[in-house]
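To start, the structure itself, in structure tokens.
Derivation of every value follows stated rules applied to the coordinates shown; laboratory data play no part. The shown structure was predicted, so the numbers you read here are calculated from the model rather than taken from an experiment. All Cβ positions, even for glycine, are placed from backbone atoms using ideal geometry, and neighbour counts span all protein chains on display.
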Amino acid sequence: MIHQQYQKLVAQIYDPFMRSLEKVLSSHRQKLLRQTKGNVLEVGAGTGVNFPLYPPAVKVWAIEPSKPMYERAKKVAEKYPHIQLFNIGIEQINEIDNRPKHFDFITSMLVLCTIKNPENAAKKYKENLKDNGKLLVLEHIHSSKKWYGQFQQIINPIWRPLADGCHLTRRQDKILKAAGFEPEYENYFKLGTDWYEAIMKKKK
Ligand SMILES: C[S@@+](CC[C@H](N)C(=O)[O-])C[C@H]1O[C@@H](n2cnc3c(N)ncnc32)[C@H](O)[C@@H]1O
């Protein structure tokens, strides 16, 4: 009950909380998403912030496990007939019967910070991506600045329960590379903390 109320609150404040960051992030989202083609799996759709950015010719399977986030995203998805939304996490991807066996694109944006087992999620990305498919990544990562990285380590135990399980100390770039992805394009940039933006493919 308390957890449900908490998730409801997170869904309510997510967009206002992100508003100033989105002034910068939205151009990164656009740059990555405008190249999607074919069948796309969006992992952790949140409130559906990416939905308006997909070209209308693509078919999107979006998944979001939090019921309140899902409800918000559903309202946005109603405007985009090429987007189907499912109230599940990446661990339950096999429950979607009519999904393509492998996707042309998978998008992972601000989600590997929150997923409980990011290594397992990376494995699922690999299993569900075509051999010549592309993984589009936009994730905040542990700061490379010594003092700020240490500060993030100290506040992480307090931040995590307040921010829906979001970790400040993960290196999603390293997790994905260790799982067998290699960047075709990658860009590290700073926006509050360090960020990692990449187009990745499976290592041959
Ligand atoms: C910080 S939000 C990001 C939402 C959106 N991707 C964006 O870019 O704004 C992280 C989202 O990941 C979702 N999430 C958490 N665990 C997940 C899982 N195991 N599989 C898929 N999504 C998950 C959360 O419910 C939340 O909506």
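How large is the translational diffusion coefficient of the stretch 99-204 in µm² per second when you combine the Kirkwood radius over alpha carbon pairs with Stokes-Einstein at 10 °C and 1.306 mPa s?
112
Using only DSSP helix segments of four residues or longer, with each worth -39500 (n - 2.57), what per-residue ellipticity at 222 nm results for the chain after dividing by its residue count and rounding to 500?
-12500 deg cm²/dmol
What length, rounded to one decimal in nm, is gained on full extension from LYS203 through to ASP131, with 0.36 nm per residue of separation minus their alpha-carbon distance?
25.0 nm
Go through the stretch 169-174 residue by residue and turn each phi into a ³J(HN,Hα) via Karplus (6.51, -1.76, 1.60, θ = phi - 60°); whole Hz please, and just put x for glycine and proline.
After applying 6.51 cos²θ - 1.76 cosθ + 1.60, I find 10, 8, 10, 4, 4, 6 Hz.
Pop out the ³J(HN,Hα) list for the stretch 39-55 in order, Karplus 6.51 cos²θ - 1.76 cosθ + 1.60 with θ = phi - 60°, rounded to Hz; leave Gly and Pro as x.
Karplus values, whole Hz, x for Gly and Pro: 9, 10, 9, 9, 9, x, 5, x, 8, x, 4, 7, 4, x, 9, 7, x.
Modelled label-to-label distance, GLU184 and GLN4, 7 Å Cα→beta-carbon offset: nm?
Each label point is offset 7 Å from its Cα along the Cβ direction, giving 4.4 nm.
Sorted by packing (mean other beta-carbon atoms within 10 Å per residue), highest first, where do 159-171, 57-69 land?
Per-residue mean Cβ counts within 10 Å order the peptides as 57-69, 159-171.
Report the Cα centroid-to-centroid distance between the stretch 38-110 and the stretch 11-31 in angstrom, as an integer.
Here the two parts' Cα centres lie 18 Å apart.
Checking a compactness column here: for the chain, what do you get for Rg(Cα) / (2.2 N^0.38 Å), N being the number of residues?
Working it through for the chain, the quotient is 0.97.
Show the residues, 5+ positions off or on another chain, whose built amide H is closer than 5 Å to the amide H of HIS167.
It is THR114, by chain and number.
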